[in-house]
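A.B. asks: The following block contains the structure, expressed as structure tokens.
The values are calculated or read from the model by the stated rules, or taken from the named source; none is laboratory data. What you are looking at is a predicted structure, and each value in this text was computed from that prediction instead of being measured. Ideal geometry is used to build each Cβ from the backbone, glycine not excepted, and the neighbour counts take in all protein chains shown. Keep in mind that these areas ignore ligands, DNA and RNA; they rest on the heavy atoms of the full protein, side chains included. Shrake-Rupley method; radii C 1.70, N 1.55, O 1.52, S 1.80 Å.
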Amino acid sequence: MFYIHPDECINCGLCLSVCPVDAVVWDEEITPASQAFVAINRVFFGDEVTGWGSPGGRDEKWVSDKDHPFVATYEKVA
Ligand code: SF4
């Protein structure tokens, strides 16, 4: 899963256009069922998961085998 840093995202919309499974939506279009992912994305960057804080944008060095505990319960797909 790709995680979006809530403070670093500039709402350009690029990820919405390239996500093959339409998993990314504008903030105002988040459904109640997906609302938990707002916090999940924030927590991922904090000490509870990666401890990355604000990495300063996407870079290939920001790769981790860690997932937010909720996301880690998801079954992996090939
Ligand atoms: S591609 Fe744009 S909208 Fe998507 S996470 Fe990055 S800055 Fe935010």
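A.B. asks: For segment 41-52, indicate whether the set of residues that are open to solvent by 70 Å² or more (accessible area, probe 1.4 Å), modelled with pLDDT of 95 or more and within 12 Å of the chain's Cα centre (by Cα) is non-empty.
C.D. replies: So far as segment 41-52 goes, yes, one or more of its residues are open to solvent by 70 Å² or more (accessible area, probe 1.4 Å), modelled with pLDDT of 95 or more and within 12 Å of the chain's Cα centre (by Cα).
A.B. asks: Could you please tell me which pairs satisfy a Cβ distance under 7 Å, a separation of 6+ or placement on different chains, a first residue in segment 56-78 that is touching a residue at least 60 places away in the same chain (Cβ under 8 Å) and open to solvent by less than 100 Å² (accessible area, probe 1.4 Å), and a second residue that is assigned to a loop (DSSP other than H, G, I, E, B) and hydrophobic (A, V, I, L, M, F, W, C)?
C.D. replies: ASP67/MET1; HIS68/VAL49; VAL71/MET1
A.B. asks: Something else now. ASP67 - would you say it is of a type in the set (D, E, K, R) and on the phi > 0 side of the Ramachandran plot? It would help to see each step written out before you state the result.
C.D. replies: Numbers: of a type in the set (D, E, K, R): yes; on the phi > 0 side of the Ramachandran plot: no.
In short, no.
A.B. asks: Out of curiosity, is GLU28 more than 9 Å from the ligand (Cβ to nearest atom), of a type in the set (Asp, Glu) and in a loop (DSSP other than H, G, I, E, B)?
C.D. replies: For GLU28, the condition - more than 9 Å from the ligand (Cβ to nearest atom), of a type in the set (Asp, Glu) and in a loop (DSSP other than H, G, I, E, B) - is not met.
A.B. asks: Just the residues that are open to solvent by 60 Å² or more (accessible area, probe 1.4 Å) and among the aromatic types (Phe, Trp, Tyr), please, taken from segment 8-40.
C.D. replies: Within segment 8-40, TRP26 is the sole residue that qualifies.
A.B. asks: Which of the numbered conditions does HIS5 fail, given that it passes all the others? Conditions: (1) more than 9 Å from the ligand (Cβ to nearest atom); (2) under 21 Å from PRO69 (Cβ atoms).
C.D. replies: Among (1) more than 9 Å from the ligand (Cβ to nearest atom); (2) under 21 Å from PRO69 (Cβ atoms), the lone unmet condition for HIS5 is (1).
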